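I have placed the structure first, in the form of structure tokens, so that the comments after it can refer back to it.
Read-outs: derived from the displayed coordinates by stated rules, not from any lab. Since this is a predicted model, take the numbers as computed values, not measurements.
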């Protein structure tokens, strides 16, 4: 089998794993079931991934690369801290709405009984996201010499907690309650009451 076919098979395995995570909320995925979904033997799975943990890591890596590449573009294209925060959080919610199976990874729902390093990897993802948002707000404070009643660290934690809570609700409802439901209304409240000092009050783009 040539390299191109190997890469294609690896992608096929990861896509099948994501489908199974979406189709069976709350259930643990076995390599035997995954092999049946892909249409290969378990031995064939292990020729591409040495363990199920590495398969999950492949999906987590895809999530990281997809989201942080787009977050970098948002930061480069926008100047307002409010718009940057809005677009970053909307990106996370939209991605999860379109990828329910991967949302189970981000909430840890699919990782029960799996290796600890996978949960650590998810914690690192959210730590990196929190650091990115915090930097956006700190830069706005310095640039505009702002005096605010809530620190960038506390505000970032609150914003991220709002988003993470929506992801948990999405998974708990077995994907019936979209993480985007009523988000515009809630964001309007958050931005007016918490983010206005950081904002140039420019119009926010709502399309990611």
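With the Cα gyration tensor of segment 58-138 giving a ≥ b ≥ c as the square roots of its eigenvalues, does the rule (a/c under 1.5 for rounded; else a/b larger than b/c for prolate; else oblate) give rounded, prolate or oblate? Each step should come with its number before you reach the end.
Working: a/c = 2.50, a/b = 1.87, b/c = 1.34.
The shape class here is prolate.
Can you give the extra length, in nm with one decimal, that the chain gains between residue 62 and residue 177 once fully stretched, where that is 0.36 nm per residue apart less the Cα-Cα distance?
39.0 nm
Dividing the convex hull volume of the alpha carbon atoms of segment 57-198 by its residue count, what do you get in Å³ per residue?
Cα-based convex hull of segment 57-198, divided per residue, equals 101 Å³.
Quick one: length gained pulling residue 116 to residue 43 fully straight, 0.36 nm per residue minus the C-alpha distance?
23.9 nm
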